[in-house]
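**Q** Encoded as structure tokens, here's the structure I'll be asking about.
All of the numbers you see were taken from the coordinates with simple rules; none came from a lab. Remember, predicted model here, so these are calculated numbers, not experimental data. Note that each Cβ is placed from the backbone with ideal geometry, even for glycine, and that neighbours are counted across all protein chains shown.
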Amino acid sequence: MRRKLSGAPWRFGAVPPRPLTAPVDDRHAVEVWRPATVPGHVQADLMASGLLPDVERGDGVAQHAQANERDWWYEAEVSLTLSPGQRAFLHFEGIDYLADIWWNTSHLARHEGQFVEEWLEVTHLVPRDGRERQHRLGVRLWGPHAWPRPRWGLLDRLWQRWAGRLQPGLPPYHRRLGLLREQMSFGWDFAPACIAPGIWDDVWLVVTGDVAIRHAWVDGDPERPTLRLELDATRPQVVTVEAEWRLTGAQEAEAHEVSLEVRPGVQVAEVLLPISSPHLWWPWEHGAPHLYELHVRVIEAGVVSDTCAITFGLRRVRMDGPGLLVNGAPVFMRGVNWVPADLFPGRLTRDDYGPLLRLARKMGVNTVRVWGGGLREKRPFYELCDELGLLVWQDFPFACAFADRYPRDQEFLAKVDRTAASIVKALRGHPSVAVWCAGNEFSPRRNRPLVERLARAVAQHDGTRPFRPPSPGPGETHNWYVWHGFAPVHAYLKERAPLVTEFGLQALPARETLAAVEEEAQLWPPGPAWERRCGQLAKLERYARAVAPNALDTLEGFIAATQAAQAWGLQVMVEHQRRRKAAGATGVFVWQWNEPWPAISWALVDHFGRPKEALNVLGSLYAPVFVTLAYRPRPYRAGDRLDAEIWAVNDTRFPVRGAEVRLFQADRPVLRLPLTLPPTSARLVHTCRLVLRLPLTARLELWHEGERRVCLAYNFARFDARPPARENEVRQRVARLLERF
């Protein structure tokens with residue numbers, strides 16, 4: 001029996017802060033108990049009680065730090081009936097960050113780490129007489145004042161001042177580096193600092209017989225699908241494992257039964273699943289993302305001891321350099337970077353994840369990179385990716401240690417072991433998860449002990465997926481010469497890395513979004529509210545002027561110009577990288593897809609779900625079958641001759657026949673070209689010379705099976721002629737070197 005306690009009535013209350021000492025039950029010091037929501041956060045519950053302002057409006061977030069000056073208790077009543085021979089466990093999927101867990105007046109455990117799960121047995125604290133009793137589950141959250149601080153050596157302390165000059169924006173040797181939690185919450189260039197402790201993921205009460213199932217997942221190797229069970233027993237015995245599975249939506253089921261010898265304690269058992277006529281799980285453009293439903297029962301002495309139900313997919317993934325192969329087929333990664341969708345991730349549900357992920361697939365995305373400054377997302381995120389056929393590139397939660405490093409002491413590395421094991425165990429059963437990555441933008445050399453621990457956790461607890469060093473790794477780049485380096489948009493055409501996992505431009509959100517969170521007087525001209533919303537004004541103006549130099553006099557004009565610049569940059573890079581598939585390019589990831597807070601950011605979809613102009617282009621740019629126009633960028637005029645190449649790309653594993661390319665210049669038809677493409681190909685299909693007329697625009701379309709699949713517009717008068725400042729280019733080169741060494 002598994003009962004979700006996170007939906008039960010909870011209450012919370014404050015107690016005076018204490019230095020971190022032995023566990024203490026000071027619930028008597030709570031003056032006022034208030035209703036709480038679990039999963040959730042202290043600040044979110046204070047907002048719901050009217051004790052803190054809305055974190056999204058004005059400078060409300062600045063007032064949320066005061067909650068961290070106290071410690072907090074969360075408490076729920078749990079009804080439980082245990083009979084002789086039964087066992088009871090609590091399973092916490094995520095507590096942020098430092099906590100003591102109590103059952104009635106008994107201390108169960110001290111917890112540390114946002115992503116560390118807790119399995120706690122309470123059998124010995126519950127009479128097994130078949131009578132229902134009420135119990136108090138308590139969680140004491142220690143505030144950030146008590147959280148551990150990293151230990152730095154003398155050389156690190158001496159280097160700290162110089163590191164600050166090389167690492168503007170993120171303070172070097174920051175306290176965050178010693179905490180295994182969401183790095184973004186300490187403040188980032190698209191989100192404010194908002195540290196919010198809480199029970200942020202689900203809590204379960206699990207009642208079993210003598211043998212309990214802690215984890216169950218299927219290694220989906222199509223040639224040898226294997227159910228792996230993590231079992232917990234109290235005595236040696238022989239048990240029967242019954243497994244029944246069916247393809248999702250199918251009526252007929254298959255079953256298999258084996259006998260296993262178990263020993264006292266926690267152990268891993270393997271059961272081969274003889275699946276007849278296996279259906280593979282594919283990324284959506286390569287086939288159907290077939291899923292199986294599996295029901296498992298562990299039987300001891302003829303009595304069911306424990307059961308579980310999971311889904312799984314049959315597929316094999318590997319990397320060939322920076323390229324990804326699924327079931328042997330190369331996958332060009334048309335990706336987006338995913339960041340936490342809320343400052344308070346505990347309140348995210350399937351209803352929050354669903355619209356963002358379904359929109360991503362609709363726009364042609366096939367891979368979502370869960371960025372290392374964020375989270376191990378909650379279970380519904382990965383379930384949706386499984387169902388939608390979206391691949392997941394999963395970073396571990398380590399990010400942006402440029403001139404500094406993460407700690408190397410054994411105490412910290414032991415915490416890394418626990419965190420990494422919990423993350424891998426939580427996600428390994430999802431066929432959508434294709435790549436493990438050590439994290440984001442830190443040196444693998446200076447952080448070798450950390451990277452080695454992460455690689456070992458993947459090998460020990462999974463072993464079915466590739467592991468990559470911190471991104472950008474070999475054959476991979478984060479292209480920030482444009483935007484952070486102030487380079488012209490056409491500098492994207494110089495990119496030669498096979499895999500681009502970050503690039504993008506900030507753009508203002510819709511006026512309605514800004515007006516919903518800031519006072520009207522703060523919206524224009526740019527002022528403190530823009531800075532609060534993370535807007536980088538000098539860069540916004542620089543790229544807006546490249547597309548509309550006369551449109552910066554009003555808020556509406558500025559919004560339109562920044563969104564047009566963002567869409568233009570997106571189009572230049574994506575078209576370039578997809579043409580380069582013929583030369584070995586393996587993918588491109590837009591920074592970023594979403595945002596956790598109403599901001600002026602790189603997001604293509606703002607926090608309230610309003611799309612920016614770039615999203616209107618992405619659906620064509622990320623179409624699995626794609627056409628693109630290549631030409632030499634310069635400021636063209638009417639009467640000029642323009643030499644152009646038409647390239648066609650097929651990212652699917654199926655041939656394309658009967659398609660047609662149509663080219664228009666100044667809305668006049670220029671070309672209609674029949675098109676046939678082999679699977680997984682990119683090729684030059686036509687060259688032409690255009691004599692330009694006013695307006696200096698062109699439109700390229702791809703028609704297939706009676707539908708227009710791609711429609712891309714080109715403005716030949718648009719040219720970003722402003723060169724990058726030398727110091728910005730140098731700064732970007734230094735940043736790349738620091739990531740490497």
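**Q** Say whether the condition of being in contact with a Leu (Cβ under 7 Å, 6 or more places away or on another chain) and among the hydroxyl-bearing types (Ser, Thr, Tyr) is met by at least one residue in the stretch 259-269.
**A** no
**Q** Among the residues of the stretch 85-140, which ones are assigned to a loop (DSSP other than H, G, I, E, B), of a type in the set (Asp, Glu) and buried (at least 20 other Cβ atoms within 10 Å of the Cβ)?
**A** Glu93, Glu117
**Q** Another question about this same structure. For the stretch 643-657, how many residues meet the condition of being out of contact with any Pro (no Cβ under 7 Å at 6 or more places or on another chain) and over 18 Å from Leu700 (Cβ atoms)?
**A** 1
**Q** Let me ask something else about it. Here are some residues: Arg334, Arg369, Arg315, Arg376. Which one is basic (Lys, Arg), under 28 Å from Gly198 (Cβ atoms), touching a strand residue (DSSP E or B) at 6+ places or on another chain (Cβ under 7 Å) and surrounded by 17 or more Cβ atoms within 10 Å (Cβ to Cβ)?
**A** So the residue among Arg334, Arg369, Arg315, Arg376 that is basic (Lys, Arg), under 28 Å from Gly198 (Cβ atoms), touching a strand residue (DSSP E or B) at 6+ places or on another chain (Cβ under 7 Å) and surrounded by 17 or more Cβ atoms within 10 Å (Cβ to Cβ) is Arg369.
**Q** Another question about this same structure. Among residues belonging to the stretch 195-222 that are in a loop (DSSP other than H, G, I, E, B), crowded, with 22+ Cβ neighbours inside 10 Å and not small (Gly, Ala, Ser), point out the one that is farthest from the chain's Cα centre (by Cα).
**A** Val211
**Q** How about the stretch 258-285: which of its residues are of a type outside the set (S, T, N, Q), closer than 15 Å to Trp217 by Cα and part of a strand (DSSP E or B)?
**A** Result: Val268, Ala269, Glu270, Val271, Leu272.
**Q** Filter the stretch 461-476 down to the residues that are part of a loop (DSSP other than H, G, I, E, B) and either at negative phi or surrounded by 22 or more Cβ atoms within 10 Å (Cβ to Cβ) (or both) and list them by number.
**A** Asp462, Thr464, Arg465, Pro466, Pro469, Pro470, Pro472, Gly473, Pro474
**Q** Here's a follow-up. Among the listed residues Pro168, Pro172, Pro225, identify the single one that is surrounded by fewer than 22 Cβ atoms within 10 Å (Cβ to Cβ) and touching a Gly at 6+ places or on another chain (Cβ under 6 Å).
**A** Pro172
**Q** Within the stretch 399-457, which residues are part of a loop (DSSP other than H, G, I, E, B), in contact with a Phe, Trp or Tyr (Cβ under 7 Å, 6 or more places away or on another chain) and surrounded by fewer than 19 Cβ atoms within 10 Å (Cβ to Cβ)?
**A** Arg445
**Q** Got a sec? Which of Arg657, Arg653, Arg637 is of a type in the set (D, E, K, R), in contact with a strand residue (DSSP E or B) (Cβ under 9 Å, 6 or more places away or on another chain) and outside any strand (DSSP E or B)?
**A** Arg653
**Q** Turning to a different aspect of this structure: Only one of (1) in a loop (DSSP other than H, G, I, E, B); (2) surrounded by 19 or more Cβ atoms within 10 Å (Cβ to Cβ) is not met by Arg18, so which one is it?
**A** The one condition Arg18 does not meet is (2).
**Q** Please find, within the stretch 505-519, the residue that is surrounded by the most Cβ atoms within 10 Å (Cβ to Cβ) out of those that are touching a Gly at 6+ places or on another chain (Cβ under 9 Å) and under 21 Å from Val61 (Cα atoms).
**A** Looking at residues that are touching a Gly at 6+ places or on another chain (Cβ under 9 Å) and under 21 Å from Val61 (Cα atoms), I get Leu508.
**Q** Suppose we filter the stretch 75-123 for residues that are touching a helix residue (DSSP H, G or I) at 6+ places or on another chain (Cβ under 9 Å) and among the hydroxyl-bearing types (Ser, Thr, Tyr); how many remain?
**A** Total satisfying the criteria: 2.
**Q** Inside the stretch 581-614, can you point out the residues that are assigned to a helix (DSSP H, G or I) and surrounded by fewer than 21 Cβ atoms within 10 Å (Cβ to Cβ)?
**A** If the condition is that a residue be assigned to a helix (DSSP H, G or I) and surrounded by fewer than 21 Cβ atoms within 10 Å (Cβ to Cβ), then Ala582, Ala583, Glu613 are the ones that fit.
**Q** Name every residue in the stretch 520-554 that is assigned to a helix (DSSP H, G or I) and exposed (fewer than 13 other Cβ atoms within 10 Å of the Cβ), in order of residue number.
**A** Hits for the stretch 520-554 are Glu520, Ala521, Pro528, Glu531, Ala538.
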